[in-house]
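Heads up: the structure comes next, in C-alpha cells.
The values are calculated or read from the model by the stated rules, or taken from the named source; none is laboratory data. Just so we're clear, the structure is a prediction, and the values are computed from it rather than from any experiment. Methodologically, a virtual Cβ is constructed for each residue, glycine included, from the backbone with ideal geometry; neighbour enumeration extends over all protein chains shown. With ligands, DNA and RNA removed, areas are computed over all heavy atoms of the protein, side chains included. Shrake-Rupley method; radii C 1.70, N 1.55, O 1.52, S 1.80 Å.
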Amino acid sequence: MTLALPTSLAQSDKLGPLPSQPAVYQVYLRSFRDADGDGVGDLAGLRDGLDAIAALGCDAVWLNPCYLSPQRDHGYDIADYRQIDPSYGTLGDFDAVLDRAHGLGLRVLMDMVANHCSADHAWFQAALDAGPGSEERARFIFRDGRGEHGELPPNNWESVFGGPAWTRVSEPDGQPGQWYLHSFDSSQPDFDWRNPDVAAEFLDVLRFWFDRGVDGFRIDVAHGTVKALGLPDHDGRGHNSVMWDQPEVHEIYRSWRALGDSYPGGKYFVGEVWLPSQDRLADYLRPDELHQAFDFGLLIQPWDAGRMRAAIEEGLRVAGSAPAWALSNHDVHRAATRYGQTQLLDAPPPTDMISAARRTGPADMALGVRRAKAAAGLLLALPGSAFLYQGEELGLPEVFDLPDEARQDPIWFRSDGAQLGRDGCRVPLPWAADGANLGFSPDGGAPAWLPQPAWLARFARDDQERRPDSPLAVYRDLIHRRRPLFGTAPSLHWLDSPDGLLAFTRGMGVCAVNFTDRPQPVPSSWPVGVRVVTTEPAPEPTVLPPNSTSWFQLAGSDPTGRDDQRHNL
Ligand code: NOJ
C-alpha cells in the first residue's frame, strides 16, 4: 500500500531556509556544555560543541529558550525576549553561535514562548502595580474571583503542571485582589492574545531575532495562545476545549508566516501542538501558517510493529510528507529507558504524552538502548523531518536516581513529589568518561546543576567516539546515509511482513525493523539489495538481528550489483 499525499500539503518540501526533510538536533542549552565552569551549560559551550553536531550529519539545531529568565521553568518563563540570560552568556555569544553554526552549514532555530512570560517580565510587574481595569492588566488575563469575596478562582481550569490555573494577587493597597491565569506554573502568567499590543510585541520580537540571522522558531504550546471568549468553565471531561485550540490562534501564525516569508529565503516555523484529534492539526499546516508541527505519535507508542505502523500512517495522513517526527525531547523520559521498560501492549493506545512517556519502573537498559537505536533507524527512514534530542545519539537513559533536593522541575513541586517531572532527561551530557562533570565543564568548575550519577560515565561521548559499535557510531551512520538512500521521496510503500517485522520501500531504499527478540530471516519476497546500515551487528546477510533496524538498497538500484552487506561497525 502506498500512502498518497493530500495535495494541500504539497508545500511541505519548502521549509524556508531549511533543506527539505532536515535532521534537527535539539539543544537543551543548560545541559549541553559548560564553558565558563559554573556548572550550567552556556552559549560558549554550545559554540565549542557545534562541530560534534555537524559531524553527526544534522542540518539544524533547535535551541531551547535562552532568553533572560528567572529559570523557574528553565527558560520557558521569559523576563525579556530580547536579552540572553547571563547564565548562558551575552548577545555577542549568541551571534558567535550563529556565525559558527552557519559556517558549519547548520541552521539555527530558537524557541518562541508566546503563550506566557515570566512573572518577572516588565509588563507583568507593571500590571501588578497598575491595578484592576488598567491597560497594563489588559495584556494578561486578570479576572475578579468568584464567591462572596472573590475568594474562588474565576473558573475551574487546571494548570498543566498540576493545581489550579489561577493565582490571586495582592493589590497595590495590600488587599487580596484579582486572579491571573497561568496555564503552567504560577510564575508563568498567560498573555491575553486578544489584545493587539501582544500581537504587535511578538512580531517585533520575531523581527529582532530574524534580523540577527536566526533561521526560524519552534513555537511553544502553539495551540494555547488564545482562550475561549468569556473563559467558560471546562466541562471536566478530558480535553479542555475552551482553553486550547481556539480558531483565533490561526491569525497569529498567519501573521508570523507572512513576516518570515518577507525575508529572503523565508524563515521556518514548527509548532508544538497537542490536540485530541490529529485532524485539526491540518489547519495549523495550511500553506500560509506553520511549515510543520511536531508529530508525537511515534514517541508515545510502545515497542510494537502494529502500533508504530498505525502511528506512521496517521502522521503521514495528517501532514503529508511533512511530519516533524521525534522520539524524545526535554519533556519526556528518555527513549532508551522507555523501550527497556515493560511495554504496555494490552493497554488502549496512548493518547497523551505524560501517561505514555513519563512512566517510572525498572528498565532493561541493554535492551532499551538496542530498541532506541532501532527506533531511530525507523524514524530516520520516514518521509518528514527528524528531531533528535541531545544525548539520544549516546543512548542515554533517563536518570531516575536524582536526590529529591536536587530536583528543579516545577512539576515535581506542584505535584508534591507525586510526579518526578522532567529533570531526569535533562542531566548534563557526559562528554568524557573522566574530567570535571564528565567533561561537561572545564576543570576546577562548580558541580553540574543536576548531579550526574557515576554510571553515566559508561555513556561518555569520548569513549563512544573510539568504539565503532557505539550508539554514536550508529546514529552518525544513519543520519549520513538517510538522504543518499531515501532521498526526499514523499511517500513510502509497505512490504508484506511477518508478525513482528515492519518494512517499507522509499526512494532507493528499504527500511526493515525487527521488533522481536529473535533473529528473523529477510523474507524472500522483499526487493532488497545490499544492506547499507544495521543498528546491530548482523553476521548473516539475510538475517535481521533481534530489536534492530536494517537499511537496504532497493533491489535493482544497487549500482555495484554486490550482494554483500556493509556494517556500520
Ligand atoms: C512546553 C515545553 O516543551 C515545556 O518544557 C514547558 O514547560 C511548557 N511548554 C511551558 O512553557
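What the table below lists for this structure:
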read-out	value
Candidate set from region 206-249 (those that are farther than 21 Å from residue 268 by Cα and aliphatic (A, V, I, L, M)); member that is surrounded by the fewest Cβ atoms within 10 Å (Cβ to Cβ)	229
Test for residue 52: is it surrounded by fewer than 21 Cβ atoms within 10 Å (Cβ to Cβ), among the small types (Gly, Ala, Ser) and either free of Cβ contacts under 8 Å to residues at least 40 places away in the same chain or outside any loop (DSSP other than H, G, I, E, B) (or both)	yes
Flag if residue 89 is part of a loop (DSSP other than H, G, I, E, B), away from the ligand (no atom under 14 Å from the Cβ), crowded, with 17+ Cβ neighbours inside 10 Å and not polar (S, T, N, Q)	yes
In region 300-358, the residues that are touching a strand residue (DSSP E or B) at 6+ places or on another chain (Cβ under 8 Å), among the hydroxyl-bearing types (Ser, Thr, Tyr) and more than 16 Å from the ligand (Cβ to nearest atom)	none
Residue satisfying condition, being more than 16 Å from the ligand (Cβ to nearest atom), closer than 30 Å to residue 237 by Cα and open to solvent by 10 Å² or more (accessible area, probe 1.4 Å), within set 100, 143	143
From the options 452, 464, residue that is surrounded by 17 or more Cβ atoms within 10 Å (Cβ to Cβ) and in a helix (DSSP H, G or I)	464
Candidate set from region 161-189 (those that are within 16 Å of the ligand (Cβ to nearest atom) and surrounded by fewer than 22 Cβ atoms within 10 Å (Cβ to Cβ)); member that is modelled with the lowest pLDDT	162
Filter pass, residue 113 being open to solvent by less than 70 Å² (accessible area, probe 1.4 Å), more than 16 Å from the ligand (Cβ to nearest atom) and among the β-branched types (Val, Ile, Thr)	no
Residue that is farther than 22 Å from residue 228 by Cα, surrounded by fewer than 18 Cβ atoms within 10 Å (Cβ to Cβ), more than 16 Å from the ligand (Cβ to nearest atom) and not assigned by TED's automatic domain parsing to the domain that holds residue 70, where the choices are 135, 148	148
Among residues of region 208-262, those that are of a type outside the set (A, V, I, L, M), within 16 Å of the ligand (Cβ to nearest atom) and under 22 Å from the mean Cα position of the chain (by Cα), counted	8
Residue match in region 329-352 (condition: part of a helix (DSSP H, G or I) and open to solvent by 50 Å² or more (accessible area, probe 1.4 Å))	no
Among (1) assigned to a loop (DSSP other than H, G, I, E, B); (2) out of contact with any helix residue (DSSP H, G or I) (no Cβ under 8 Å at 6 or more places or on another chain); (3) more than 27 Å from residue 310 (Cβ to Cβ), the one test that residue 361 misses	(3)
Residue among 524, 497, 548 that is of a type in the set (Ser, Thr, Tyr), modelled with pLDDT of 95 or more and open to solvent by 70 Å² or more (accessible area, probe 1.4 Å)	524
Residue check for residue 443: open to solvent by less than 20 Å² (accessible area, probe 1.4 Å) and acidic (Asp, Glu)	no
Failed item, numbered, when residue 275 is tested on (1) touching a helix residue (DSSP H, G or I) at 6+ places or on another chain (Cβ under 9 Å); (2) within 16 Å of the ligand (Cβ to nearest atom); (3) at pLDDT 95 or above; (4) more than 17 Å from residue 140 (Cα to Cα)	(3)
Hits in region 116-129 - residues which are open to solvent by less than 10 Å² (accessible area, probe 1.4 Å) and touching a Pro at 6+ places or on another chain (Cβ under 7 Å)	116, 117, 118, 124
Residue match in region 424-434 (condition: of a type in the set (Asp, Glu) and within 21 Å of the chain's Cα centre (by Cα))	no
Cβ pairs under 9 Å, 6+ apart, first in region 384-412 and free of Cβ contacts under 8 Å to residues at least 40 places away in the same chain and more than 16 Å from residue 59 (Cα to Cα), second more than 16 Å from the ligand (Cβ to nearest atom) and among the charged types (D, E, K, R)	412/404
Set 401, 443, 416: member being assigned by TED's automatic domain parsing to the domain that holds residue 375, over 24 Å from residue 163 (Cα atoms) and at pLDDT below 95	401
Verdict on residue 158 being within 16 Å of the ligand (Cβ to nearest atom), open to solvent by 30 Å² or more (accessible area, probe 1.4 Å) and acidic (Asp, Glu)	yes
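Results for (1) of a type in the set (D, E, K, R); (2) touching a strand residue (DSSP E or B) at 6+ places or on another chain (Cβ under 6 Å); (3) open to solvent by 10 Å² or more (accessible area, probe 1.4 Å), shown as yes or no for each residue.
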residue: 371; (1), (2), (3): yes, no, yes
residue: 378; (1), (2), (3): no, yes, no
residue: 386; (1), (2), (3): no, yes, no
residue: 389; (1), (2), (3): no, yes, no
residue: 394; (1), (2), (3): no, no, no
residue: 397; (1), (2), (3): no, no, no
residue: 403; (1), (2), (3): no, no, yes
residue: 406; (1), (2), (3): no, no, yes
residue: 424; (1), (2), (3): no, no, no
